[in-house]
Amino acid sequence: MQEGSRRAILAAFLANLGIAIAKFVGFAVTGAASLLAEALHSVADTGNQALLFLGGSRARRAPSPEHPFGYGRERYFWAFVVSIVLFLLGGLFALYEGAEKLRHPHEIESPEWAFGILSVAVVLEAFSFRTAIREANKVRAGEGWWSFVRRSKSPELPVVLLEDLGALVGLLIALAGVTIATVTDEPRFDAAGSLAIGALLVVIAVILSMEMRSLLIGESASPKMQAEIRRAIEGAREVRRIIHLRTLHLGPDELLVAAKVDIDAPSVEDAARAIDVIEARVRAAVPIARVIYLEPDLYRSEPASEAATPTR
């Protein structure tokens with residue numbers, strides 16, 4: 001796990017832990033459904049950051065006979081678990097609590113406590129969100145935010161970004177719900193705020209789970225990285241052409257490269273030396289290419305051959 005991801009996760013963990021405690025105190029004093037929904041949201045977020053740390057720790061284990069390519073995808077698995085936890089603990093309970101308070105309205109007591117705690121929570125959450133944005137800006141290289149979330153191979157920053165964004169929006173919803181409920185003396189607006197927070201968490205959880213599912217199934221290297229690998233292979237003087245190339249992320253920082261290459265080598269020894277040269281060039285161009293398999297072959301232009309090994 002990169003240092004920037006660790007800083008973003010740590011900032012989110014500390015912020016959410018403090019916010020969760022403050023919100024539970026606020027709920028105990030006021031009985032506001034929005035505060036309870038937000039408190040459970042913060043508890044889920046705190047647990048989520050702990051799971052991301054766990055995934056990063058387990059992903060560093062050395063390869064074993066049972067897992068010869070290592071444990072890099074542990075980070076994807078635990079990020080997927082995070083999306084499910086966010087959905088179950090945050091979204092569903094907030095929806096349930098909001099529905100219950102609509103059926104059985106509960107007047108908000110000491111609303112000034114709710115306003116104070118929610119305001120402090122907004123400040124802490126904004127600090128965490130700013131940290132995540134700053135760290136993401138170091139790696140997204142001008143890419144749009146939605147594209148960064150969709151295409152990032154490192155799961156931690158997109159997860160923290162969406163969590164913090166959802167938390168900030170949820171806090172504003174809770175503030176609006178408590179404010180309207182206090183002004184109108186109608187506690188159902190507080191319940192409506194809880195329902196809105198639940199719906200927001202469900203949407204974020206669905207987006208995260210879909211992105212993590214794609215990474216778990218296995219994604220290829222980015223088009224830019226694939227182009228760099230092609231240039232490295234084709235730049236070797238022994239290479240006539242690439243017949244086909246496949247890439248697969250074994251983890252955010254580990255890439256498998258497999259290619260069938262037409263090599264100009266008169267002997268087996270020459271082919272072996274050429275492969276060593278090509279592997280060194282690929283690793284120099286793309287350092288995360290940890291596992292490389294190159295198969296020497298002869299290029300055939302027949303349609304059947306092309307169809308059997310399409311180039312991506």
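The values are calculated or read from the model by the stated rules, or taken from the named source; none is laboratory data. Just so we're clear, the structure is a prediction, and the values are computed from it rather than from any experiment. As a convention, Cβ positions derive from the backbone with ideal geometry for all residues, glycine included, and neighbour counts pool all protein chains shown.
Filtered by the rule that a residue be in a helix (DSSP H, G or I), surrounded by fewer than 19 Cβ atoms within 10 Å (Cβ to Cβ) and either aliphatic (A, V, I, L, M) or modelled with pLDDT under 85 (or both), region 156-187 gives 165, 168, 169, 172, 176, 180, 183.
Conditions (1) closer than 19 Å to residue 100 by Cα; (2) modelled with pLDDT under 80; (3) buried (at least 18 other Cβ atoms within 10 Å of the Cβ), marked per residue:
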{"site": "12", "(1), (2), (3)": "no, yes, yes"}
{"site": "15", "(1), (2), (3)": "no, yes, yes"}
{"site": "20", "(1), (2), (3)": "no, no, yes"}
{"site": "27", "(1), (2), (3)": "yes, yes, yes"}
{"site": "36", "(1), (2), (3)": "yes, yes, yes"}
{"site": "40", "(1), (2), (3)": "yes, yes, yes"}
{"site": "44", "(1), (2), (3)": "no, yes, yes"}
{"site": "50", "(1), (2), (3)": "no, no, no"}
{"site": "59", "(1), (2), (3)": "no, no, yes"}
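Take the residues of region 244-271 that are small (Gly, Ala, Ser) and out of contact with any Pro (no Cβ under 6 Å at 6 or more places or on another chain): which is surrounded by the fewest Cβ atoms within 10 Å (Cβ to Cβ)?
Keep residues of region 244-271 that are small (Gly, Ala, Ser), which gives 251, 258-259, 265, 267, 271.
Within this subset, residues satisfying the condition of being out of contact with any Pro (no Cβ under 6 Å at 6 or more places or on another chain) are 251, 258-259, 265, 267.
Details: 251: 23, 258: 14, 259: 21, 265: 15, 267: 8.
Restricting to residues being small (Gly, Ala, Ser) and out of contact with any Pro (no Cβ under 6 Å at 6 or more places or on another chain), the top hit is 267.
Selection of first residues in region 122-142 that are basic (Lys, Arg) and of second residues that are at pLDDT 80 or above and surrounded by fewer than 20 Cβ atoms within 10 Å (Cβ to Cβ), restricted to Cβ pairs under 8 Å at least 6 apart or on distinct chains, gives the following pairs, ordered by first then second residue: 140/148.
Of all residues in region 247-273, those that are part of a loop (DSSP other than H, G, I, E, B) have Cβ atoms under 6 Å from Cβ atoms of residues that are small (Gly, Ala, Ser) and surrounded by fewer than 20 Cβ atoms within 10 Å (Cβ to Cβ), 6 or more apart or on another chain, in 265/271. Which residues, counting only those in region 90-135, are among the aliphatic types (A, V, I, L, M) and crowded, with 19+ Cβ neighbours inside 10 Å? Scanning region 90-135 gives 94, 95, 108, 114, 117, 118, 121, 124, 132. Close Cβ contacts (under 8 Å, 6 or more residues apart or on different chains) running from residues in region 212-235 that are without any contact (Cβ under 8 Å) to a residue 24 or more places away in the chain to residues that are surrounded by 14 or more Cβ atoms within 10 Å (Cβ to Cβ) and of a type in the set (A, V, I, L, M) comprise 230/242; 230/245; 234/242.
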